[in-house]
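First comes the structure, then the notes that go with it.
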Amino acid sequence: MATFGVTIATASGAIFESVDLEKKADFKQLIDSTGAHAQAITYDTSYSFSARGKGDSNPYGAGISSNLPTGASGKMIVTSSKESSKNDDYLAWEMSATIYPHAT
C-alpha cells in the first residue's frame, strides 16, 4: 500500500481512493502604536478530515469515531457519512469529520 503523507487505520474490505487532512487555527494579532505587527498567536486548532472510497461499507459512521489519520490526535466527530451503489460498480462511500486535538 502506498502512502502519501497520510495513513489511516485499515478498514476491512474498504479501498480508500482519496484522503484529505487540513489543519486549521484561529489567530489573533496585536498591532503596536506605529501600526506594525507586535505579536501573533494561534488558538482553537482543529483538523478538517475527509475520505472517499469503495468497498464493503463505509468504515466511518456518523457520530464519534476512533480511526484517526496519522498525524492527528484528539477526538474526531464524523459530521457526514454517505454510501451509494450502482449495479455495475462497487459500493461507494464518503465521509467528512472535524478532529479536535485538545478534546478528550
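Just so you know, all these numbers are worked out from the coordinates, no wet-lab data involved. This one's a predicted model, so the numbers in the text were calculated from it and none came from an experiment. No Cβ is skipped: glycine too gets one built from the backbone with ideal geometry, and neighbour counts run over all protein chains shown.
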Going by the conditions given, is Tyr60 surrounded by 14 or more Cβ atoms within 10 Å (Cβ to Cβ) and not in a strand (DSSP E or B)?
yes
Residue by residue through region 43-81, note down the ones that are under 28 Å from Ala25 (Cβ atoms) and among the charged types (D, E, K, R).
Asp44, Arg52, Lys75
Within region 67-104, residues over 16 Å from Ser57 (Cβ atoms), of a type in the set (A, V, I, L, M, F, W, C) and touching a Phe, Trp or Tyr at 6+ places or on another chain (Cβ under 9 Å) come out as Leu68, Ala72, Met76, Ile77, Ala97, Ile99
Considering each residue of region 31-50, count those that are free of Cβ contacts under 8 Å to residues at least 12 places away in the same chain and surrounded by 10 or more Cβ atoms within 10 Å (Cβ to Cβ), and give that number.
2
Screening Lys75, Lys82 for residues that are more than 19 Å from His102 (Cα to Cα), within 18 Å of the chain's Cα centre (by Cα) and of a type in the set (D, E, K, R) leaves only Lys82
